[in-house]
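**Student:** Below you will find the structure I want to go over with you.
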Amino acid sequence: MWSGRFREPLDRDFEQWQRSIVFDWRLLPQEVAASKAHASALVAAGILTKDEGATIRAALDAIAANHASEAGQAQVRNHPTAEDIHHFVELSLVDRIGTLGLKLHTGRSRNEQIATDLRLYIREQIAHTLDALIAFINALSERANEAGDAAMPSYTHLQRAEPVLVAHWLLAYAEMILRDVSRLRDCSRRLNYCPLGSGAVAGATLALDRTIAAKELRFTAPTANSIDATSDRDFILEYLQALTFVGLHLSRFAEEITLFATAEYGLVILPEAFSTGSSAMPQKKNPDLTELIRAKVGRIHGAAQAVTLQLKGLPLAYNKDMQETQEPAFSVEFVPGMIRLVARFTTALQLNLPRMKEAAQSGYLNAMAAATYLVHKGVPFRTAHEKIGNAVRFALEKGVELNDLTLEELRAFGPEFDADFFSTVTLEATLDCHNVIGGTARDRMREALASTAKRIAALVDAENKEAIHAGA
């Protein structure tokens, strides 16, 4: 591609070491699409005739079809002479249509090609990830609806805190995933500008209509600055950072399920289809899926960290260092499949509702509601807190729950206690006293479930429109 300037051959080991075809082979579909779009711009500029453009486009389609299979992909990455995916496509094009294939590189540079291919690739990966995240949100929402008014303990500091509805707990994760969807959609919108026509650094040397390629590839518009377009890899880093949030949220979910599935908690029962046993201990059912999910965030975050360090301090514009941003981007292709597994696992997970209810009614989880009762009687909250704390300590010594104390015993801690106290510290009343937006009161949760259903429907509709816009 550039041998005219050189007289000495490359050192063979260096030549093999610096090739990127061994990993950028997966960009073949994107390279073909971008090359077809560039051919359209060349036809419009009069560099190619319509017939030549049609011949080139047909040959590019044949190259993509020929290498769509696993065997075809192996041929690409094992090609003996191609330096990168751009070189491979050019060589393949010349093999098919002769010297006409050499015309395609007119007015473009590999710098803009890889910038375009990577944007197309990340855009596609985001679309796959969004589909998977929506499946997970649906699974969480469906399980929340199934749970109805079932209650469970919530935790702070891994200590039982207050009763909450099971639906409230599940929708907490739905909120996290909804934020992840928002981040990825924002990333997709920001990257959706076309570098084709940027040349090596200063812009194409031909008067190309850059909007032609941008429209064909379903980009919003051409990039605004050729220097930035060829040197920008922000979109890779932003994508990996957004995926890090996804990994963090899945890891938190996995950690809770792993804990809740232990005999000590007993709040959930692992589905056998997503668990493994022990080679030594016959009784074991191990949470391998959730443990692996918990670990995967390390790989995702590591990829983001690698790209951060690769981009730090790079002068404008293109530098070979940028080749190193590709493998981290490719290394997270497992994420959509992982999310879909979590969605199916969530659907299959058995909630131990009787055990959850029992745990929600023991351990003085109604103490906050009891203090609120005194507040309604005119007692300052700090004083109410102290009175209920004393009552809890007395109940602990007696080995009973707060609501098992007699009215006479309660009045030892304050004259404000009356017979109506007991109706305010039942499980139902303790749940319903959290009657605020975002609270776990039963009426509020019914509103939250309806709202979540609407948000999911709007999300699916928006993704369908985005997919149409992106040519998916």
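**Student:** Which value, to two decimals, describes the C-alpha radius of gyration of the range 393-432 once divided by 2.2 N^0.38 Å? Provide the component values of the computation, followed by the final result.
**Tutor:** Values: Rg = 10.5 Å, N = 40, 2.2 N^0.38 = 8.9 Å.
After normalising by residue count via 2.2 N^0.38 Å, the value is 1.18.
**Student:** On average, how much accessible surface per residue is there in the chain, in Å², for a 1.4 Å probe, leaving out ligands, DNA and RNA?
**Tutor:** On the way: 22650 Å² over 472 residues.
About 48 Å² of surface per residue is accessible.
**Student:** Still on this model: When the dipole is taken about the Cα centre of the range 163-223, and only Lys, Arg (+1) and Asp, Glu (-1) are charged at their Cβ, what size is it in debye, to the nearest 20?
**Tutor:** Charge dipole, the range 163-223, about its Cα centre: 80 debye, nearest 20.
**Student:** Would you work out the Kirkwood radius for the range 1-57? I mean one over the mean of 1/r across all pairs of different Cα atoms, in Å. Present the calculation step by step, with values, prior to reporting the outcome.
**Tutor:** Values: mean 1/r = 0.0709 Å⁻¹.
Across the range 1-57, the inverse of the average 1/r is 14.1 Å.
**Student:** Along each of its three principal axes, how wide is the spread of alpha-carbon positions in the range 107-218, in whole angstrom units, largest first?
**Tutor:** Principal extents (Cα only, largest first): 68, 28, 15 Å.
**Student:** Where does helix 234-260 land angle-wise versus the long Cα axis of the chain, in degrees 0 to 90, nearest 10?
**Tutor:** Taking Cα atoms only, the helix is inclined about 30 degrees.
**Student:** Based on the alpha-carbon gyration tensor of the range 1-111 and its eigenvalue square roots a ≥ b ≥ c, which shape applies: rounded if a/c is under 1.5, prolate if not and a/b is larger than b/c, or oblate?
**Tutor:** Cα axes put the range 1-111 in the oblate bin.
**Student:** What trypsin sites (Lys or Arg not before Pro) in the range 4-81 are in a loop by DSSP, with at most 15 other Cβ atoms within 10 Å of the Cβ? Numbers along the way, then the final one.
**Tutor:** Numbers: sites: Arg5, Arg7, Arg12, Arg19, Arg26, Lys36, Lys50, Arg57, Arg77; in loops: Arg7, Arg19.
Those satisfying the criteria are Arg7.
**Student:** Starting with the highest mean, order 322-331, 379-388 by the number of other Cβ atoms within 10 Å, averaged over the residues of each peptide. Please report the intermediate quantities before stating the final value.
**Tutor:** Details: 322-331: 18.9, 379-388: 16.1.
Going by the mean number of other Cβ atoms within 10 Å, highest first, we get 322-331, 379-388.
**Student:** Sort out for me the Cα centre separation of the range 210-225 from the range 84-139, rounded to whole Å.
**Tutor:** One Cα centre to the other: 15 Å.
**Student:** With charges set only on the Cβ (+1 for Lys and Arg, -1 for Asp and Glu), what does the dipole of the chain come to about its Cα centre, in debye to the nearest 20?
**Tutor:** That gives a dipole near 760 debye.
**Student:** Any idea what Rg and Dmax come out to for the chain if you just take the C-alpha atoms, in Å?
**Tutor:** 30.2, 102
**Student:** Can you tell me the 0 to 90 degree angle between the C-alpha axis of helix 28-44 and the longest principal axis of the chain, rounded to 10?
**Tutor:** 50 degrees
**Student:** Compute the helix-to-body angle for 335-348: its Cα long axis versus the longest principal axis of the chain, expressed 0 to 90° and rounded to tens.
**Tutor:** Roughly 30 degrees, rounded to the nearest 10.
**Student:** Nearest 0.05, what FRET efficiency do Val460 and Ser362 give at R0 = 30 Å with Cβ-Cβ as r?
**Tutor:** It comes out at approximately 0.15.
**Student:** Per residue, how much space in cubic angstrom lies within the convex hull of the C-alpha atoms of the range 212-301? Could you put the intermediate results ahead of the total?
**Tutor:** Details: hull volume 14.7 nm³, N = 90.
So the per-residue Cα hull volume is 164 Å³.
**Student:** Let me ask something else. Would you list, by chain and number, the lysines whose Cα falls below 23 Å from the Cα of Lys387, excluding same-chain residues fewer than 8 positions away?
**Tutor:** By straight Cα distance, Lys387 reaches Lys377, Lys398.
**Student:** Do the sum for the chain: with -39,500 (n - 2.57) for every DSSP H run of n ≥ 4, divided by all residues, what is the mean residue ellipticity at 222 nm, to the nearest 500 deg cm²/dmol?
**Tutor:** -20000 deg cm²/dmol
**Student:** Under 17 Å between alpha carbons, and skipping anything fewer than 8 positions from Lys312 in its own chain: which lysines qualify?
**Tutor:** Within the straight-line limit of under 17 Å, Lys312 reaches these lysines: Lys320.
**Student:** A further question on this structure: Scan around Ser154 for amide H atoms under 5 Å from its own, H built in the peptide plane at 1.01 Å from N, and keep only partners 5 or more places away or cross-chain.
**Tutor:** HN-HN under 5 Å from Ser154: Ala161, Glu162, Val164.
**Student:** Determine the share of the range 124-259's accessible area contributed by carbon and sulfur atoms, expressed in whole percent, with a 1.4 angstrom probe.
**Tutor:** The value for the range 124-259 is 51 percent carbon and sulfur by accessible area.
**Student:** Report the full-extension gain for the segment Asp443 to Val22: residue separation times 0.36 nm, less the Cα-Cα distance, to one decimal in nm.
**Tutor:** Value of the extension gain: 145.8 nm.
**Student:** Here is a follow-up. Where does the range 336-455 land on the Kirkwood hydrodynamic radius, alpha-carbon pairs, in angstrom?
**Tutor:** Result for the range 336-455 stands at 16.7 Å.
**Student:** A further question on this structure: Relative contact order of the range 177-266, please, whole-number percent, based on alpha carbon pairs below 8 angstrom and at least 6 residues apart.
**Tutor:** 32 percent
**Student:** Additional query: Taking a 24 Å limit on the Cα-Cα distance, which of the listed pairs Lys36/Lys215; Lys215/Lys454; Lys103/Lys215 fall beyond it?
**Tutor:** Lys215/Lys454
**Student:** State the answer as a single residue: which of Phe422, Ala457, Gly399 lies farthest towards the positive end of the charge dipole of the range 367-472, with beta carbon charges of +1 for Lys and Arg and -1 for Asp and Glu, about the Cα centre.
**Tutor:** Of Phe422, Ala457, Gly399, it is Ala457.
The values are calculated or read from the model by the stated rules, or taken from the named source; none is laboratory data. From a predicted model like this one, the values you see are computed outputs, not experimental measurements. Quick reminder, even Gly has a Cβ in these numbers, built from the backbone with ideal geometry, and neighbours come from all protein chains shown. Surface accessibility is based on the protein's heavy atoms, side chains included, excluding ligands, DNA and RNA. Shrake-Rupley method; radii C 1.70, N 1.55, O 1.52, S 1.80 Å.
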